[in-house]
Structures are given as C-alpha cells and as structure tokens.
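The values are calculated or read from the model by the stated rules, or taken from the named source; none is laboratory data. Just so it is clear, the structure is predicted and the values come from calculations on it, not from any experiment. Reconstructed Cβ throughout: ideal geometry from the backbone, glycine too, with neighbour counts over all protein chains shown. For the accessible areas, the whole protein counts, side chains as well, though only heavy atoms, and no ligand, DNA or RNA atoms are used. Shrake-Rupley method; radii C 1.70, N 1.55, O 1.52, S 1.80 Å.
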Amino acid sequence: MKPFIMVSTRPEIEAAEQEYESFLLQGGLERDQLQHVHLEEVDFLGSFQAGDVSGVLIGGSPYDLSTAEASKTRTQVRVEEQVRELLAVALREGVPVLATGFGLEVLAGYLGTPTSRRYAEDLGATDIFLTAEGRADPLLEGMPQTFTAFVGHHEGAAAVPEHATLLASSADCPVHMIRVGRNVYGTQFNPELDVERFLQRVSIYADAGYGDPGLIDDVLTEARASVDEHQAGRVIRRFVEYFAQD
C-alpha cells in the first residue's frame, strides 16, 4: 500500500506526537503506512509527490486564521501557506485529503470562506448531526444520524464554502464536516480523539482560551461520562479504507 501522510500543524511537539498516535490508532495503520510530517520543521512540499501517496491527513492547531496578520508568528504564517499550497496540489492532482480542525478552516479560507468566532465551541463533547448528503457519503456510511465527538476551537467556517457539500453540523457550529469534489474532506470536530486522548489534549491546552480554566475538572468529568463508543473515529478508518492505493 502506498503510505498516507500525517501533517501536523501544531507547534507543541508533545501534542503533535499524541495526535499522530491517535490517527494511527483510529486509522488502523502501522507506522510505515502513516508518515509523520511537522510543517514547522521541514519544507514538506519541496519533496511531496502526489502519485506516491494514498492520501493526506491534516491535523488541528491552536492557530486562528482570524488573527490579525501583523500578530501572527512567522511559524503560523508559514504553516498556513504550506497547508494552502498542499490543498491546491491535492485539489489539482486528485489527492485524497482529510483536514481536521485548523485544516478545515484553512480549506474553507482557500475556497473563499472566512472564519468567524461566532461559531467557536469550548473544549468538550458535542452532538454532531449528519445532513442528508452526509448520510449518503461513503466516509460516513453506517454512522448514526447523530453522534458525539470532541471539539474545542476558537472559530469556525462562517458558511458552507462554494463548491463544497455540507455533511455534518452541530447546534453551535453549522459547518462541522464538508466534502469538496469526491475526495477532499474537512472536519471541525476531532475524529481522532477518544476519551483518553481528549484528556491528554486538554492537559496541554487547558490554558489556551478554549473555555474557562476553572471549569476544566468539570469538562474532564463530563468527557469521561459522555462518549460510550468512539463513533467519530470511524471517519478516519473509512477514509483509509476507501482511499488506500496499492
């Protein structure tokens, strides 16, 4: 099988490594089947060959697209540029992509749709509702019409981008999953996070402004009780199964 590529956009190495481990687990992949790339460390696109991979997974980030350009770090600017360039290659060459969190926000921006802090969600579990198109999508095959997933983001896409199909929403964030064409996907929720890995993520980002730090213990208690079965992870497994190439 041609390998998948896992692209980390997080500046925190521990969080990026944990995220990679989560995608490995949910995708049912071995390490040689999922190559890990830290965008802030390497010029990934200089060596990327579309025909050599089965697909690309783009992880989340604490970065916000709506941050004023003058206030963005050089690393954030570079990461945003590389993700946009990667998406341009994928859309042009037909490379399957699953972009999560920040990755969806960059995808929406690339398609001309800004983000809005109106659609932020605090750290925690939320109900995700499939649209009619979502229920018919191959990556969501067999999923219940409503499932619980973990979230935590400062902003979300302000509308469904042009040329995109809306697959899922939540009560507070209308654009939670989209498809562009046949094989480029974006999720605002975190399909890689089960309860254990959500607790790890919270320990790293507890003071990052995703909610009231004084309520973190309550968030953790609620998380432990909220998700009996990790349905969201099936999105990653289906992406791998559907797009794997020999």
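Quick check on my filter: what residues within the range 38-61 are at pLDDT 95 or above and β-branched (Val, Ile, Thr)? Listed by number, the residues that qualify are Val53, Val56, Ile58. Taking the range 81-102 only, how many residues are open to solvent by 10 Å² or more (accessible area, probe 1.4 Å) and assigned to a helix (DSSP H, G or I)? Counting residues in the range 81-102 that are open to solvent by 10 Å² or more (accessible area, probe 1.4 Å) and assigned to a helix (DSSP H, G or I) gives 9.
For the range 39-54, check the following and say yes or no: at least one residue is open to solvent by 40 Å² or more (accessible area, probe 1.4 Å), at positive phi, assigned to a loop (DSSP other than H, G, I, E, B) and touching a residue at least 12 places away in the same chain (Cβ under 8 Å). No, the range 39-54 contains no residue that is open to solvent by 40 Å² or more (accessible area, probe 1.4 Å), at positive phi, assigned to a loop (DSSP other than H, G, I, E, B) and touching a residue at least 12 places away in the same chain (Cβ under 8 Å). Just to be sure before I move on: is Gly112 at pLDDT 95 or above, part of a loop (DSSP other than H, G, I, E, B) and within 22 Å of Arg179 (Cα to Cα) in the structure I sent? Here the answer is yes, as Gly112 does meet what is asked. Selection within the range 116-141: residues that are open to solvent by 60 Å² or more (accessible area, probe 1.4 Å) and in a loop (DSSP other than H, G, I, E, B). The member of this set that is nearest to Arg179 (Cα to Cα) is Ala136. Of all residues in the range 148-179, those satisfying the criterion of being over 14 Å from the mean Cα position of the chain (by Cα), modelled with pLDDT under 95 and more than 17 Å from Ser116 (Cβ to Cβ) are Thr148, His163.
Just to be sure I understand the filter: pairs with C-beta atoms under 7 Å, separated by 6 or more residues or on different chains, first member in the range 156-184 and more than 23 Å from Ala244 (Cβ to Cβ) and in contact (Cβ under 8 Å) with a residue 12 or more places away in the chain, second member basic (Lys, Arg) and open to solvent by 10 Å² or more (accessible area, probe 1.4 Å). Which pairs pass? Pairs that qualify, where the first residue is more than 23 Å from Ala244 (Cβ to Cβ) and in contact (Cβ under 8 Å) with a residue 12 or more places away in the chain and the partner is basic (Lys, Arg) and open to solvent by 10 Å² or more (accessible area, probe 1.4 Å), are Ala164/Arg179. Does any residue of the range 60-76 turn out to be more than 14 Å from the chain's Cα centre (by Cα), surrounded by 20 or more Cβ atoms within 10 Å (Cβ to Cβ), of a type outside the set (A, V, I, L, M) and assigned to a helix (DSSP H, G or I)? Yes, there is a match, as at least one residue in the range 60-76 is more than 14 Å from the chain's Cα centre (by Cα), surrounded by 20 or more Cβ atoms within 10 Å (Cβ to Cβ), of a type outside the set (A, V, I, L, M) and assigned to a helix (DSSP H, G or I). Can you name every residue in the range 4-38 that is basic (Lys, Arg) and exposed (fewer than 14 other Cβ atoms within 10 Å of the Cβ)? Matches in the range 4-38: Arg31 only.
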